[in-house]
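J.: Encoded as structure tokens, here's the structure I'll be asking about.
The values are calculated or read from the model by the stated rules, or taken from the named source; none is laboratory data. Small disclaimer: the values here were computed from a predicted structure and weren't measured. Cβ sites come from the backbone with ideal geometry, for glycine too, and all protein chains shown count toward neighbours. For the accessible areas, the whole protein counts, side chains as well, though only heavy atoms, and no ligand, DNA or RNA atoms are used. Shrake-Rupley method; radii C 1.70, N 1.55, O 1.52, S 1.80 Å.
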Amino acid sequence: MSRELSVVGKRLPRVDAVEKATGIANFTGDIKLPNLLVGKVLRSPYPHAKIVKIDTSKAKDLPGVETVITLQDIVPRKAFLGSYGELPIIAYGAQPHLADQYILTNKARFVGDPIAAVAATSESVAREALGLIEVQYEKLPAVYDVEEAIKPDAPKIHDHCDNNIAMHWISPLSKGDVERGFKEADCIVEETFRTTKQVHCHIEPAAAIASFDVLGRLIVWSQCQQPHPARRQLAYLLDLPVGKVRVITPFVGGSFGGRNGLNPELIAVALAKVVSRPVKVEYTKEEDFHAVNNRSAFVYTAKLGFKKDGRLTAIRIKALVNSGAYLCRTTTATSVFMGNCLEGAYRCPNKLGEANIVYTNLTPSGSCRGMGNPEAMWGIEQLVDIAAEKLGIDAVELRLKNLKEIGEPSYVGLPIESLALRDCIKLGAEKIGWSEKRVKKSKETKRRGIGVAIMTHNCGAQPILVAHSGAYIKLNEDGSINLIAHPDEAGTGMWGTSAQIAAEELGINIEDVHITYGDTDTTMFDIGSIASGKSYIFGNAVKGAAREVKRQLLERAAKMLGTSPYDLDIKDRRIYVKVAPKKAISIAEVAHDAIYDLNMEGIDIAGTCSYQGTTASPPNQAVFAEVEIDLEIGRVNILRLVIANDCGIMINPMTVEGQLEGGAAMGIGYCLYENPIISKETGKLITDSFETYKIPSVLDMPEVEIIPVEEPDPIGPYGNKGVGESASVAMAPAIANGVYDAIGVRVTELPITPEKVIAALEAKQKRKPEQSNTR
Amino acid sequence: MQKQTAKFLINGKSYELVIEPNITLLELLREELGLTGTKYGCGIGQCGSCTVLVDCKPTLSCLTLAVTGQNRSILTIEGLSEGNILHPIQKAFVDHGAIQCGFCTPGMIMTAKALLDKNYLPTKEEVKVALSGNLCRCTGYVKIIDAVLAAAEMIRKGDKLE
């Protein structure tokens, strides 16, 4: 790009920041409508139970209660409710007949499974009504571990599958001959890894409002990250034509994948269909923990084979995936997991990936930041370190040796368009002081170490899932534009990013971009905020729409200036003749002239663009963590984090940094603090509040040093690639590798708690008592 | 429950309301007065999103009975800016990229205000300790700390509005 950029690349404040700083930004819970009812959900207190009888009569008779519903009061359609429909499932071989969830269940399969719902005139009446619903349960034995759930005598959770195996899947990325690959290997490493059902913990609780208007159209205020697909899912579940459903998106208090599917919306629409008033459903924070789908959990054995020069010869993965009580989005997570295990950053000729997706009586597993990649890198990146030690090759060198190059296939099958991972690794290693700090060690009770982990991801879900977004720009007579689209502002900064792209393309200022958004009635189809693809796919849609507006502008201006459009360009809100810049006209003048034309040549200059992702521009990252372990209490303290990040050219560096810092926090929580604990007696998630389930507070964050490696991508708008999920992928293995470097013990089960560190140290001491004071 | 009349002074304005004595200050602000800038994040005092200032003290409004707010001066996020002019803390949050989803922001800003009103020369550690009761899932806190320190600088230089 030869032209100097005036808006893109600048650290501009986000366009929605002032509204949020003053408290006037409307989130779903802030919206007030006339005649609004409060909806509340009766949830199963048992992990597994038949529902013998439900008596709602007492609840219905309570003054202030408008309705009480159960499954028999709604259209009994099954769906993958945590997903936007069957599409992501079919892509991985599952069939629509595996759709397994009703809006309200007729059999309780996890603590929190929705059984009935109430709409009442106030919060307190609704709560009281819930207490009056009489449910007769027949308790059944429950199972929570995947290894237990697949045993022949395990309780059967769904009628349609044996041994609770929802799907057995061999990854289509399997290729070559792994047996031969392992025979050829000089060094084989194998280990079993376990990850957790991390909870998203978006601060804003799940909430939705549903209302039918006088024409029978359904309007839903939804936090869903994918409003257009959500519309289709809601239409299907209520047996309505899609065109009769309208989804409006207010500001959303964080998503991280937790709002990928539908949850409170389902209750709200089911209630709204029965009463003739709008219904608002707001979850308590406790409901957020129990009822909102969380991260899929994996138990997997990974085996890698290397030649003695460090080249990978074989990869084999065998995984059990904890889907919780319903299939939700586990199949997508499994495929991303497998994709990054087998076909991630490294080149390998022989690979085999096998997964069993298993039902358990836990909260259903959905999407969570990274979508299977953090789970994959937890194991793969630790195994690479184990191999490096066995081979006697430096851990950074071993990674560099096996990196793919541009043009090789990414895990989605498309060739990689841009790749700066090598630079990320080298620059990160230099910054953390890799060579100096890997040799040492002290013999004190506080020991330091450094670890590395790398990652690659996808940017958009093409070609596996639907991956296109649309944008519509219209020009106002004052030279400003309305960008009518779905940037989905849940904190990712897409409002600002898209405004910067539009402003750059049109030679206007960011204040000239008015974002009109969040309504499926006015915006073109947009797949939504998934797969780190928004800035890339939607960004290109915005750029395309702006380019069309520019074309029309120059055409009109050319007539007004008596020249050809090819002689013109736009800068600083002025359209000027390239060779004689003083001959110019303002955008506002042209826009006004077009609209208020009296020569029968009136036009509202506008442009649309529907952009389909067709290429793979994966973001990449190398993370280096310097840790200090207190041997006496087993606590891991992160001293420094160096994140070398390749996301192409940054549209807004401040926004990118924010995503990386936030993603780092989420990765640190996943690694060290966030420990979802299920009671084996009750099947309940005991850690169901911020007090017991610890997400990092400001005191838990180390110094974060970001090295942006800006190598332009040929396809992304202005050379940009995605970044939303990157930072939470490699954090955990980098820390785990640092722990091993410090104290010679490896924790393979998340999270790395002080108890596990102490236990590992004690086990190590038992094995080699004479070396207890050395590494 | 028998409703009662209660008087409040919120953001410099007087209100006389008829309320149930068991409602929280958070419910009073959001439901009775439509001041929805203060957020319900957890309702049990663990996330800090509901933080307002009661007699200049950062207070979890979800754990505070509304009636105990009588005869006290209450400041919410809506009372911080003057018309279109942002308070230095708000401006710093905007300029330093300290806001992502924005849900924890009002609580963070009010807590920061309480800190800077008492101590306009905080160290980084002091800022961290002051904000340790406000959870954020988006930002990793890095730019929030930067913003509070920058706001302190602005206030020291006399950009203070009050």
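J.: Give me the pairs: first residue in the range A:15-44 and over 24 Å from residue B:96 (Cβ atoms), second residue basic (Lys, Arg) and in a helix (DSSP H, G or I), beta-carbon distance under 7 Å, and six or more apart or on different chains, which are they?
T.: From the range A:15-44, the pairs are A:40/A:127.
J.: Being modelled with pLDDT of 95 or more and open to solvent by 30 Å² or more (accessible area, probe 1.4 Å) is the requirement here; does residue A:737 meet it? Give the steps one after another, and end with the answer.
T.: Values: modelled with pLDDT of 95 or more: yes; open to solvent by 30 Å² or more (accessible area, probe 1.4 Å): no.
No, not satisfied.
J.: Continuing with this model, one more query. Please indicate, with yes or no, whether at least one residue in the range A:284-303 is over 30 Å from residue A:687 (Cα atoms) and open to solvent by less than 10 Å² (accessible area, probe 1.4 Å).
T.: So in the range A:284-303, the residues over 30 Å from residue A:687 (Cα atoms) come out as A:303.
Pick out the ones that are also open to solvent by less than 10 Å² (accessible area, probe 1.4 Å) and you get none.
No.
J.: Which of the strands (runs of 3 or more DSSP E) found entirely inside the range A:511-580 contain at least 1 residues meeting this: open to solvent by less than 10 Å² (accessible area, probe 1.4 Å)?
T.: Numbers: elements: A:513-517, A:568-571, A:574-577.
Those strands (runs of 3 or more DSSP E) span A:568-571, A:574-577.
J.: Tell me, please, whether a residue that is surrounded by fewer than 21 Cβ atoms within 10 Å (Cβ to Cβ), among the hydrophobic types (A, V, I, L, M, F, W, C), more than 14 Å from chain B (Cβ to nearest Cβ) and more than 25 Å from residue B:136 (Cα to Cα) can be found in the range A:224-239.
T.: The answer is yes, given that some residue of the range A:224-239 is surrounded by fewer than 21 Cβ atoms within 10 Å (Cβ to Cβ), among the hydrophobic types (A, V, I, L, M, F, W, C), more than 14 Å from chain B (Cβ to nearest Cβ) and more than 25 Å from residue B:136 (Cα to Cα).
J.: Among the residues of the range A:686-699, which ones are of a type outside the set (Val, Ile, Thr), at the interface with another protein chain (Cβ under 9 Å from one of its Cβ atoms) and buried (at least 18 other Cβ atoms within 10 Å of the Cβ)? Give the steps one after another, and end with the answer.
T.: Taking the range A:686-699 first, the residues of a type outside the set (Val, Ile, Thr) are A:688-691, A:693-694, A:696-697, A:699.
Next, only the ones that are at the interface with another protein chain (Cβ under 9 Å from one of its Cβ atoms) stay: A:689-691, A:696-697, A:699.
Within the range A:686-699, A:690, A:696, A:697 qualify.
J.: Now a separate question. In the range A:24-53, what residues are of a type in the set (Ser, Thr, Tyr) and within 12 Å of another protein chain (Cβ to nearest Cβ)? Explain how you work it out, then say what you get.
T.: Looking only at the range A:24-53, we keep the residues that are of a type in the set (Ser, Thr, Tyr), and these are A:28, A:44, A:46.
Matches in the range A:24-53: A:28 only.
J.: Go through the range A:6-23 and count every residue that is of a type in the set (A, V, I, L, M, F, W, C), out of contact with any Pro (no Cβ under 9 Å at 6 or more places or on another chain) and either at the interface with chain B (Cβ under 7 Å from one of its Cβ atoms) or part of a helix (DSSP H, G or I) (or both).
T.: Initially, the range A:6-23 is screened for residues of a type in the set (A, V, I, L, M, F, W, C), giving A:7-8, A:12, A:15, A:17-18, A:21.
Narrowing further to those that are out of contact with any Pro (no Cβ under 9 Å at 6 or more places or on another chain): A:7, A:12, A:15, A:17-18.
Then drop every residue that is not either at the interface with chain B (Cβ under 7 Å from one of its Cβ atoms) or part of a helix (DSSP H, G or I) (or both), which leaves A:17-18.
Total meeting the criteria: 2.
J.: Looking only at the range B:31-38, decide whether some residue is within 11 Å of chain A (Cβ to nearest Cβ), farther than 28 Å from residue A:18 by Cα and polar (S, T, N, Q). Quick ask: steps written out before the conclusion?
T.: In the first step, residues of the range B:31-38 are kept if they are within 11 Å of chain A (Cβ to nearest Cβ); the result is B:31, B:34-38.
Okay, now just the ones that are also farther than 28 Å from residue A:18 by Cα, so none.
No, the conditions are met nowhere in the range B:31-38.
J.: Residues of the range B:78-112 being hydroxyl-bearing (Ser, Thr, Tyr), without any contact (Cβ under 8 Å) to a residue 40 or more places away in the chain and more than 7 Å from chain A (Cβ to nearest Cβ), which ones? Steps first, answer last, please.
T.: Our first condition is that a residue be hydroxyl-bearing (Ser, Thr, Tyr); within the range B:78-112, this holds for B:81, B:105, B:111.
Next cut, without any contact (Cβ under 8 Å) to a residue 40 or more places away in the chain only: B:81, B:105.
None; the set is empty.
J.: In the range A:442-488, what residues are over 15 Å from residue A:544 (Cβ atoms) and either touching a Cys at 6+ places or on another chain (Cβ under 8 Å) or of a type in the set (Phe, Trp, Tyr) (or both)?
T.: A:454
J.: Of all residues in the range B:39-63 being open to solvent by less than 10 Å² (accessible area, probe 1.4 Å) and among the aliphatic types (A, V, I, L, M), which is farthest from the other protein chains (Cβ to nearest Cβ)?
T.: B:53
J.: From the residues in the range A:164-174 that are out of contact with any Asp or Glu (no Cβ under 9 Å at 6 or more places or on another chain) and in contact (Cβ under 8 Å) with a residue 60 or more places away in the chain, which one is most open to solvent (accessible area, probe 1.4 Å)?
T.: First, pick out the residues of the range A:164-174 that are out of contact with any Asp or Glu (no Cβ under 9 Å at 6 or more places or on another chain): A:164-165, A:167, A:172.
Filter once more, keeping what is in contact (Cβ under 8 Å) with a residue 60 or more places away in the chain: A:164-165, A:167.
Details: A:164: 2, A:165: 46, A:167: 18 Å².
In this case the residue turns out to be A:165.
J.: Moving on. Does the range B:113-124 contain any residue that is buried (at least 19 other Cβ atoms within 10 Å of the Cβ) and within 11 Å of another protein chain (Cβ to nearest Cβ)?
T.: no
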